[in-house]
Each structure stands twice: as structure tokens, then as C-alpha cells.
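Engineer: Got a structure for you, questions after.
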Amino acid sequence: MLKRPAFYIDTTSCTGCKTCMIACIDKHDLPHGVHFRRVSEYTGGAWMKTKENSYEQTVFSYYLSIACNHCKEPVCVTSCPTTAMHKDANGIVSVDHTKCVGCRYCEWACPYSAPQFNPELGMMTKCDFCRDELEKGLPPACVAACPTRALHYGEYEELGAKFGTAQLIAPLPDPSITKPSLVVKPGRNTQPAGSKNGRISNPEEV
Amino acid sequence: MSNEKSDPLQQNGGLTRREVLKWSAVLGGTACMSGGGLFYGFTKKAYAQSRPEEKTVWATCNVNCGSRCPIRAHVRDGHLVRIETDSTGDNDFKTHEIRACLRGRSTRRWISSPERLKYPMKRVGKRGEGKFQRISWEEALDTVASELRRIIDTHGNESVYCHYATGVLGGTVSRRETFYRLMNILGGYLNYYGSYSTAQITAALPYTYGKRNGNHLTDMVNSKLVVFFGNNPAATRMSGGGTVYDLVHARKQKDVKVIVIDPRYTDTAATCADEWIPIRPGTDAALVSALAHVIITEGMAEEEFLSKYCVGYDDTTMPDGIPTGNTYKDYILGTGPDKTEKTPEWAEKITGIPADRISTLGREIGSTKPCYISQGWGPQRQAGGEQTARSICMLPILTGNVGISGGNTGDREGSYGIPFPRMPTGKNPVSTSIPVFTWTKAIDDAGSMTDLTDGIKGKKRLETPIKFLWNYAGNTLINQHSDCHKTAEILQDDSKCEMIVVLDNYMTASAKFADILLPCCTSLEEEDIIRQGYAVEMAYMVASKQAIKPFFESRSFFDIVAGLAKRLGVEQEFTLGMNRSQWVEHMYQKCREIKPDLPPTFKDAQKIGLIKWGRPDKPKVAFKDFRNDPETHPLKTPSGKIEIFSKRLWEIGKTWKLPQGDLITALPEYHPTWEGAEDEKTKQKYPLQLFGNHYKQRTHSSYGNVDWLQDIARQEVWINPLDADERGIKHGDMVRVFNDRGETQITAKVTPRIMPGVTALPQGAWFKPDAKGIDKGGCVNVLTSHHPSPLAKGNPQHTNLVQVAKL
């Protein structure tokens, strides 16, 4: 098992197809509205009409697929009143369903929307890095599913050394808040964190 | 039965998902797979402990997406608990994993949808009302057989039509050919030519090149510039074994500049475009003409190539008997009949692209070699689509990029695969063929259709109207065909088309028009031989197994057709004494004739499941032999060369009888069309262009009833913020999209990713008309037109003008 498992997203390969979302939903039989992985569309830009009835534009768009970042300093854990939310020796953050009371504080606290309330259970649920697959030496469902191989996983330190530590990427929050185990390869269109150039354009889908 | 027209649950006997799953559990045990199944954590552990071992079975997703993804069906107690895909190893690009997309991954949810057909049904009430009564298979097959017999005896074999349908393309025995086989034994059936995907480009490009042909997309690693006209692999080739992965992989090998020309900032643009050039739908030929102007006037045209390999560029290579002023150069420079110079300024007003950008693009294309230019199939699916398709090819022709590595013909990227055999159909005694799109006229007004007015082939005039309509695995009866209301009207008259048989898995909009409705097995409920898709660069086969027993009374397609053969007295001739399983083995042995390295029997092959042969060492270069030696490898055109000016089209343009405004020209030209970007008259009332792009939620209308997919990829009409603001529309508002042909109501996606003046409503959403006929499903075809394109008589489904208003 990994010491600090991390996801690596290559945004130059991500088409926003959302196969990762469905692979996860299928594996976990998630009910409507519960998304362990969420693909956001971040879009911006403006249009200007010329006097010749043609157009200039500055449009850009890209997708970002985020599940749980199994943060080094998970704020969901510190906000949990029952200790249900915990980080284990393998770095995976998960919910103990013998303790969770469904107060949803973790949902408020997490800047990535990772903890997802399951109305059928009455408790919080979330990405657990497909611990069962990792134990068999197999990749998480989302990673194995990605048609364009944009999604990978591995040891955080190794991925960071190989691909860089760019995390100040819109629409992600400041990584210093929770220290996410996430490595992102920015693309041509990637905007810096805090940018006002664009916005999440598919809030109803994530 | 209730009167609810739009509620599929009511028509289907009030079937809920829980009932579907409970029923399937009866087959294999007491396991209950409901929404409250597997959860993370404590619950899951307990669940897993009480479960016996799973079995994993190779199956496939068989829809019309261009690829063909293997899926691994995990089965427990007789039903599906999880879908995975090819995970046989991804280190070698030659035999990389063929990873199913989100649609294939939702198979488990799809096949247990509430709309699943349970048993044979016959219509009660009017056609299209969707009111059915359950009948036995005996009665169903008796009825179909006797009606087929009666109609053939009364009206002849040309009155039988096998509708264009692509819901199931993957299998061998469960594929359309099995019914063609029966029909050919019975005397034949009316043919169609063309397809809803490619009618215009397939009709037009052979006049330029002799046939359709494109370099493999992976050839772009040898290019210095890539230009996509309306080519969107991220939405139209989504398989992880298909073109989108080829594209992403190629970009990793070489960071070649990619320009995407499209009315929308597509997902392909988001992934790999260095530049997006927004263009008004239907105006690509105008853009190309202006680019040609820049290339020609600035001395970048490859005169030697044009002289050696082409006909019609200038006076030196024109065919005999054509008056002066009709060369391509004349057309572009304004010395032709229209006296209009096709400058960037001229094109700016039409396309919406600034003139200086057109100029610099012309210089880029003219001076960068090799340049890979390709078009998707959106630009040609227009009222003037034939002109668009031939025009785009002019860019590689002018710049000498045809037949070289890193170049391309301008056609869509080419593909590779092993041509495993299809079910033997015999020869169709009927040679008459209609354009694939004009079947409603063949029902309604057949006698007026001739070779010169309506593109009838094999006969001068269509003498017999369509009386028997067979619709297997397709939704083009109503959902995917233009002008739903007009189509419904024609179908509803059962004195015209007297018998409609629909075979499907779900109660689709088309299924509601059946007289007899038959439930078929899905690809997970029967074994078959499945080969690679038609738009991939890798050869493979899946010897699939039956993963789960057929739901309810679903039957295999072969068994259904064999049942008809028996009743029609041709059982032995049709089956050759073999049952379905024996036919699978029989066809497998025919596959072994092509690939002797396949395992000895189909059962042996099933033990392996997915068998790959990989991809060729080098990407294909279209017309490479012609480019190397045009004398010994001429094209299949009358001159043997690239025909920029086609004398055949010159003749056709003069002899065919076309409606006012429709044009067929010898050169690739731009002409404004009805409801096009320049139709100022119609724009008074309906100012916005509309087209129906392909979209990840579905493959056409397949998977259109899966709630998982509807949840995460919503059906929405795309509208630019400038247009939305004018109408007081905010993102997420319910809006009406309407024109004279109908109205649909759907949520609005207000986004800068589409041009002002243009809207897009993804095609394939299920038609759900309310009591007033207003569609609530977001089905674009309530708005599209029956007016066929001039040469192909093809579907102009992207040429529409509409208005959008807040609901």
C-alpha cells in the first residue's frame, strides 16, 4: 500500500467525458446526487461584435476531475465531532459508519466537496481511494476507467517530483488550507487559483 | 391502460426499476440489486461477506459510436453487479486497452431501465399513442408473418422497407443482415443508400476523389499544422480505444498546433485546440473560398500539383466542352458567372470570422507543410452539405497535401480493422434504392419520386409505396428523423404504411408507432462474435458470452427471424438446419478463414474473450499510391485525377429537377440556403441558427433513458450570453425553443462556448410530446426539416432557424 496516495490529473488529456464519475457511481451503486468524483467545467471569456457583423472572443474552457484529495491536513477530520471521519495509516481518509451521525459538518468544512451525504444511509460517504482495489494492487476505478489516460495515481512525493507541484489552479481552493495529495498538470487554458476570469459552469452536474 | 401519452411507465404496465430487478433476481436467486446495494464502509463489508463468488464475463457495448468497447460484466446470483472494461494492459500503444466511455460503463443501469420492453405487444388505439396490449410470441409472429405475406402478395417486394437503424451494430448474428437474409429468400426488399451520419459527404466526395478516404489521425504526429472543421472526437469518438485516445496520444508525441473551426468551443477544443475559430453553421464553404483566395493570390497554391494531379483548377486542365469562366480560379477570383471575388471581407459577413483572421489563417495553411486538414460529419449534415464537404477538401488540394504523410485529403480521418464476414444475406432481387432520408415520401407520395427529382436509383420511378416497415434496433422512425410532427402524421395513417414492426429493448418514441412491438435481448443476454468498430485504428474481436439470462420474454433476434421464416415456409432455406448457437460457430469458422490464428472453436475463443491484433506499424496515408504515380494508380474518377471541376456534376446539375434554391454545381462553391446564416427573411421571425450536436449523455438516442447519465450530463440548449441577456434568460432557466415545425421546452445552458446568433441542442434526447404536442424531452427533431439536400437527398438536420424564449 502507498504511504501517501495521490491522484494525478493531466488536464491536457482530459476531455471532460465524465467516464470517471460513472465508473465510480457504478462500482459503489451511488444514489442520485451522490458523487464521489466530480468533473467541473471551468469556463470564461467574452464576445465582442465588430462592425462587420463578425466576432472576436477570448473564450476558454477546461475540465477538472476531483474526488477526495486525502489531504495531509484534512479539515473534514478536524471538524468531525464523533471521530467518524479519520485518516488511516495508509493516508486514506474515510468514514467510520459505526460512528457517523450525519451532522454534515465535514461537508461544510471540506473545500473540495469530497464528503457526500447519502440520504439513503443518513450518513456521510466519500471516495476511499478504492482501498479494496489498492489492496489487490489494482488502480482505483476512476483511474482504470479514464479513456484518455488523464487520470493516474501513485505516491504523492514521486508524482510531485515527476510532474511538478502546481496546485494553484482555478477553480481549486488554496492548497495551503488542507495540503491536498493532488498533482495537476496544467494546460494551455488553465487559470490561476482565485482567478475571476471564469466560473464553474456546470454546478448542477457536480 | 391510462391516457398518459408521455409516461412510458404507464404504457409499459407501470413497470418500475425495482420490479425489473426483482424479476431478474427470480431467475438466479434471492439477491436483490436495488439502489440500496453496495456502499462504502461497514455496510459494504457485511454485504461482501454474505456473497458467493462472482463470475466475470466478456461482453460488449454495441451502439453506433464508431468504436466497439469490450466490457467485463461482473455477475452475481444471475445478475449484473458491476461493469468494468478492458484492463488487459496499457503499456504498448499498439495493443492498448479499449476503455469503454461513460455510456458503456452505465450498461448495468441501462438494461434495467423502467422502459425495458417485457413481452410482445400489439397496438390498440391509434399509431403513436403508445397504447399496447400484451400478446404471446405465437400471436406476434403469426401476425407479422401473415402481414408480410399479404403485403408482398398484394403490393410486391418493393413495398417492404428495412428502416435505417444503428442501435445494434456490434454483433454478427444479432445484426440487421439476419433479416435481410430472410427477405432475400422471400423475393427481396426496397433498398436505401446513404446514412444519416454521412449522406452528403458520401454522395459528394467521390465526385472529387473517386471515393471517401482519409489519413489515420495518428498521422498528425508527422504534421506541422492540424485543422479540424467541425471534427469533435471528444464527443463523437469517445471510446478509450478509438479516435479521441488516438488524438490525445498523438498530441503527447508531438505538440503540433491544432486549430478547431466550429460554432461551439467543443470538448475537443477544450482539450487540444491551440486556437478556436467560431464559424456560423453552414458557412464553411464561404470560409474555404476566402482561404483559397488568400492562398491563390499570395502565390501559395501548388501549381505543379494542381496541374499534374487535378482537373479544373485553371484553364490548362478543364474537360472538353465547358465554356470559359468555369474554372475554380475563376470562381474564387470573381471572373466566373457570379462576378464575385471571394475575399476575406466577403466571407467575414457570412461566416462571422474577422477578415484579418481569415487572411492569417489562409497564410498559415498555405505556408505550413505538411498540413493535416480534416472535417467531421457535422458540417456536411446541412442543406448545402455536399458543397461544404467538397469545399473543405479544396484546402489540401490547393496546397498539395493529398497523398502525403502528415497531410490528408480533407475527409474525415481513416480507420483500420479486419473485415470479418457478416451474416450471408444472398443477393437482393430488388435493385431499386431510395435515399435513406426520404422514406416518408416513399410512404406518402411514392409515385412522384423519380431518378431526376428524388434520387431514385435502380429504377426511373418509384412505383410502389412502402407498405411494410421493419424497424429493428433503431429510433429513426420518429426520434432521429426530421420534423417529428410531420413524420408522426405520415406514420399515423395506417392506410398508407399498413404494417410497422418494431423490435427493440426499450419503449422508445419509435416503439410507440409499432403495430407489433417485439422485445429483444440486449448484448449482455446473448453470445455473439463482435469485431472492432468502424472508426478505430486497431483490429480486435470479442467472443462474447451470455452474461445474464434474457429479461422477461426477450428473445434473440435470430430466433425471432427464424420464427418468421418457419411461418413463411422457408425455415430450412433460412436456417440451413442450424440454431443460433450453431450459426455463431459457423460464422466464427468463417472468421478463422481470414484469421487462422484464432482459437479452434468459438468456445475456445470465449475463454479468452478479447482478442487483439493491434494496429499497423505506420499510419495510413490516403491515396499514397496515386500521389506517387498517378498514371499507374489513377483515382476512380472519369479522368483518373482529382476533379475539382466535375463534369459529371456539371451534367447532373443541368438534368436533375431541383426545387427552387437547391443547386448542384461542378465546382465546390458556397451558396446560401433556406434557413441558413443568410436567410434574412426567415430570421425576422426565427433569428437564431440551431443545430443538434453529438453529446456524451447518449450515443444518438441509445442510453437516452439512463438516469445516471442524465444526472451528470444534462440535456440543455446552449445559448450565448449576449443572446440570453436579450431574452432575459439566465443559466438553468426553462426555455421554449420553437419554429413553425414545432416546439421543445428544455433548460438553457448560457455559455460563451457558442457563437452569438447560434444555438445548439444535443441530438438524441427522447421525444416526449405532451397533450398539446409540445416536446418536453429536449428532442431537436421537432424543429428540423424534411427538405433533403440537393445531391444526396440527405438529412439537413443542422440547418434550422428558431426562436428561444424564456418559459
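A short reminder: the numbers here are calculations on the coordinates, not readings from a lab. Small disclaimer: the values here were computed from a predicted structure and weren't measured. When we count neighbours, we look across all protein chains shown, and the Cβ atoms used for this are built from the backbone with ideal geometry, even at glycine.
Engineer: Would you list B:Glu498, A:Glu107, A:Glu41 from fewest to most Cβ contacts within 10 Å?
Structural biologist: Final ranking by Cβ density, sparse to dense: A:Glu107, B:Glu498, A:Glu41.
Engineer: Shifting gears a bit: Helix A:19-28 sits at what angle to the longest principal axis of chain A, using alpha carbons and giving 0 to 90 degrees rounded to 10?
Structural biologist: 20 degrees
Engineer: Modelling each spin label as a point 7 Å along the Cα-to-Cβ direction, I'd like the A:Ser176/B:Lys730 distance in nm, to one decimal.
Structural biologist: Label at A:Ser176, label at B:Lys730, 3.5 nm between them.
Engineer: Using 1/(1 + (r/R0)^6) with R0 = 45 angstrom and r between the beta carbons of A:Met48 and B:Lys636, what's the FRET efficiency to the nearest 0.05?
Structural biologist: In this case the efficiency is close to 0.40.
Engineer: Right, next: How far is the Cα center of region B:497-533 from the Cα center of region B:731-807, in Å?
Structural biologist: Using only Cα atoms, the two centres lie 26 Å from each other.
Engineer: By how many nm would the segment from B:Asp356 to B:Lys339 grow when fully extended, if each residue of separation counts as 0.36 nm and the alpha-carbon distance is taken off?
Structural biologist: 3.9 nm
Engineer: Let me ask something else about it. About its Cα centre, how strong a charge dipole does chain B have in debye, to the nearest 20, once Lys and Arg get +1 and Asp and Glu get -1 at the Cβ?
Structural biologist: Roughly 2120 debye for chain B.
Engineer: For a 18 Å ceiling on Cα separation, which of these pairs sit above it: B:Lys459/B:Lys647; B:Lys211/B:Lys590; B:Lys467/B:Lys566; B:Lys94/B:Lys696; B:Lys441/B:Lys486; A:Lys3/A:Lys72?
Structural biologist: Too far apart for the 18 Å limit: B:Lys459/B:Lys647; B:Lys211/B:Lys590; B:Lys467/B:Lys566; B:Lys94/B:Lys696.
Engineer: List the residues whose amide H sits under 5 Å from the amide H of B:Tyr506, counting only those 5 or more places along or on another chain, with H placed 1.01 Å from N in the peptide plane.
Structural biologist: Those lying under 5 Å, H to H, from B:Tyr506 are B:Leu117.
Engineer: Please compute the contact order of chain A in relative form: average sequence separation of alpha-carbon pairs under 8 Å and at least six residues apart, divided by the residue count, as a percent.
Structural biologist: It comes to 32 percent, rounded to a whole number.
Engineer: Right, here's the next one. Given points 7 Å out from each Cα along the Cα-Cβ axis, report the A:Lys87 to B:Glu139 separation in nanometres with one decimal.
Structural biologist: Using points 7 Å along Cα→Cβ, the separation is 6.7 nm.
Engineer: Let me make sure I get this right: for region B:285-410, a, b and c are the square roots of the gyration tensor eigenvalues over alpha carbons, sorted descending. Under 1.5 in a/c it's rounded, otherwise prolate if a/b > b/c, else oblate. Which is it?
Structural biologist: Since a/c stays below 1.5, the shape of region B:285-410 is classed as rounded.
Engineer: Kindly provide the helix-only [θ] at 222 nm of the protein assembly as shown, computed as the sum of -39,500 (n - 2.57) over DSSP H runs of four or more divided by all residues, to the nearest 500 deg cm²/dmol?
Structural biologist: Result for the protein assembly as shown: -7500 deg cm²/dmol, rounded to the nearest 500.
Engineer: Which aspartates and glutamates have a Cα less than 19 Å from the Cα of B:Lys607, not counting those fewer than 8 places away in the same chain?
Structural biologist: Straight-line reach from B:Lys607, under 19 Å: B:Glu53, B:Glu54, B:Glu84, B:Asp86, B:Glu97, B:Glu525, B:Glu526, B:Glu527, B:Asp528, B:Glu585, B:Asp597.
Engineer: I've got another one for you. Mean-square fluctuation check for chain A, GNM, Cα pairs under 10 Å: which of A:Arg149, A:Arg38, A:Arg188 is largest?
Structural biologist: A:Arg188
Engineer: Run the simple label-point estimate for B:Leu807 and B:Ile418 please: 7 Å along Cα→C-beta, distance reported in nm.
Structural biologist: Computed distance between label sites B:Leu807 and B:Ile418 equals 5.1 nm.
Engineer: Check B:Glu743: other-chain or 5+ apart residues with amide H under 5 Å from its amide H, H built from backbone geometry?
Structural biologist: For B:Glu743, the qualifying residues are B:Asp775.
Engineer: Then there is this: Between region B:621-636 and region B:289-321, how many Å separate their Cα centres?
Structural biologist: Result: 19 Å between the Cα centres.
Engineer: Sort A:Cys20, A:Cys80 by Cβ crowding within 10 Å, fewest neighbours at the top.
Structural biologist: If I rank by nearby Cβ atoms, fewest first, I get A:Cys80, A:Cys20.
Engineer: Would you kindly derive the ³J(HN,Hα) couplings of region B:315-329 from the backbone phi angles with the Karplus curve 6.51 cos²θ - 1.76 cosθ + 1.60 (θ = phi - 60°), listing them in order in whole Hz, with x for Gly and Pro?
Structural biologist: Along region B:315-329, the couplings run 4, 6, 10, 7, x, 5, x, 9, x, 5, x, 10, 7, 5, 4 Hz.
Engineer: When only C-alpha pairs under 8 Å and at least 6 residues apart count, what is the relative contact order of region B:390-502, in percent?
Structural biologist: Averaging sequence separation for qualifying contacts and normalising by length gives 19 percent for region B:390-502.
Engineer: Within region B:300-377, how many Lys pairs sit with Cα atoms under 20 Å apart, leaving out pairs fewer than 8 places apart on the same chain?
Structural biologist: Taking region B:300-377 as the scope, the lysine pair count is 5.
Engineer: Report the Cα centroid-to-centroid distance between region B:555-592 and region B:455-487 in angstrom, as an integer.
Structural biologist: About 27 Å separates the Cα centre of region B:555-592 from the one of region B:455-487.
Engineer: What is the Cα radius of gyration of chain B over 2.2 N^0.38 Å, N being its residue count?
Structural biologist: My calculation over the Cα atoms of chain B gives 0.94.
Engineer: Lys and Arg at +1, Asp and Glu at -1: add these up for the other residues within a Cβ distance under 9 Å of B:Pro424 and post the number.
Structural biologist: +2
Engineer: Now, a different point. Once you wrap a convex hull around the alpha carbon atoms of the protein assembly as shown, what is its projected area averaged over all directions, in nm²?
Structural biologist: Seen from a random direction, the Cα hull of the protein assembly as shown projects 38.8 nm² on average.
Engineer: Let me ask another. Apply the Karplus parameterisation 6.51 cos²θ - 1.76 cosθ + 1.60, with θ equal to phi minus 60°, to every residue of region B:460-469 and state each ³J(HN,Hα) to the nearest whole Hz, in sequence, with x for glycine and proline.
Structural biologist: 6, 9, 7, 8, 10, x, 6, 10, 10, 10
Engineer: Could I ask something else about it? In the protein assembly as shown, what % of DSSP beta bridges are antiparallel (nearest 5)?
Structural biologist: Counting only bridges with both partners in the protein assembly as shown, antiparallel ones make up about 60 percent.
Engineer: Sticking with this structure for a sec: List the residues, sorted by chain then number, that are 5 or more residues from A:Gly198 or on another chain and whose placed amide H is less than 5 Å from its amide H.
Structural biologist: none
Engineer: Cut-off is 10 Å between beta-carbons; in what order do B:Lys496, B:Lys618 appear when sorted fewest neighbours first?
Structural biologist: B:Lys618, B:Lys496
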